[in-house]
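S.K.: Sharing a structure, written as structure tokens. Questions coming.
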Amino acid sequence: VIPFVRYVNSTLTALIRRNSISEAHELYSKLVAIGFDGDNVTTHVLMRASLREGKPEKALELFSRAIEKGVEPDALLYSIAVQACCKTLNLAMAFGLLREMKGKKVCVPSQETYTSVIVASVKEGTMEEAISLKDEMVSDGIPMNVIVATSLIKGHCKNNDLGSALDMFHKMEAEGPSPNRVTFSVLIEWFSKNGDMEKAVEFYKKMEELGVTPSVFDA
């Protein structure tokens, strides 16, 4: 006999897969009303569905409810909550959850979790925090990915610190990750804006040399 919670989780997953997310939430609400709490998987499924719907606030409500019910968050639950915080630009809560995760040896933040907070920090213009967190991620043995590197380059460019943007690009060339079309697009755009067309053309040629396909915008 399949335990009831597993049956519910399977039903919720099936509803969400066919894009009936509101039906999944409605079913869960009815079950909660009769005393059903679910488990971590129940919360994972519904939080991810909320993010997919573009409702990070709903995801955080589900996370808070799980905590209130005494659920011990696992690494995945923390990760989804951190992503939801970043989508609402609630960086204080995102950093708080990240620190809470690191305080629990069984909940090691993933590259995806670090990336979410770093990208959100850059968007908010808090470059010092973004760089510090990138260094922390690397010291934890998690390599910097192209999303983080490109985000930091863009942040430096927005601060008119093209020297630091170039340093990050050269670091990518020397140590990885390999720059992609977005990386080159950011550099071409900002060097063009600053009137350094020679450097912009240099990046365009380098992009072609590396076999990176430019977008129509780049061309």
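S.K.: Take ALA81 and decide whether it is surrounded by fewer than 19 Cβ atoms within 10 Å (Cβ to Cβ), small (Gly, Ala, Ser) and in contact (Cβ under 8 Å) with a residue 24 or more places away in the chain.
M.R.: No; evaluated as a whole, the condition is false for this residue.
S.K.: Scan GLY54, GLY125, GLY70, GLY96 and give me the residue that is modelled with pLDDT under 90 and more than 12 Å from the chain's Cα centre (by Cα).
M.R.: Answer to the check: GLY70.
S.K.: Would you confirm, using the coordinates I've provided, whether LEU27 is touching a Leu at 6+ places or on another chain (Cβ under 8 Å), under 21 Å from VAL71 (Cα atoms) and in a helix (DSSP H, G or I)?
M.R.: The answer is yes for LEU27.
S.K.: Now a separate question. How many of the residues making up the range 32-59 are closer than 27 Å to CYS107 by Cβ and assigned to a helix (DSSP H, G or I)?
M.R.: Residues in the range 32-59 being closer than 27 Å to CYS107 by Cβ and assigned to a helix (DSSP H, G or I): 18 in total.
S.K.: Can PRO143 be described as over 18 Å from CYS86 (Cβ atoms), surrounded by fewer than 13 Cβ atoms within 10 Å (Cβ to Cβ) and in contact (Cβ under 8 Å) with a residue 24 or more places away in the chain?
M.R.: Yes.
The values are calculated or read from the model by the stated rules, or taken from the named source; none is laboratory data. Small disclaimer: the values here were computed from a predicted structure and weren't measured. Positions of Cβ are generated from backbone atoms using ideal geometry, with glycine treated the same way; all protein chains shown enter the neighbour counts.
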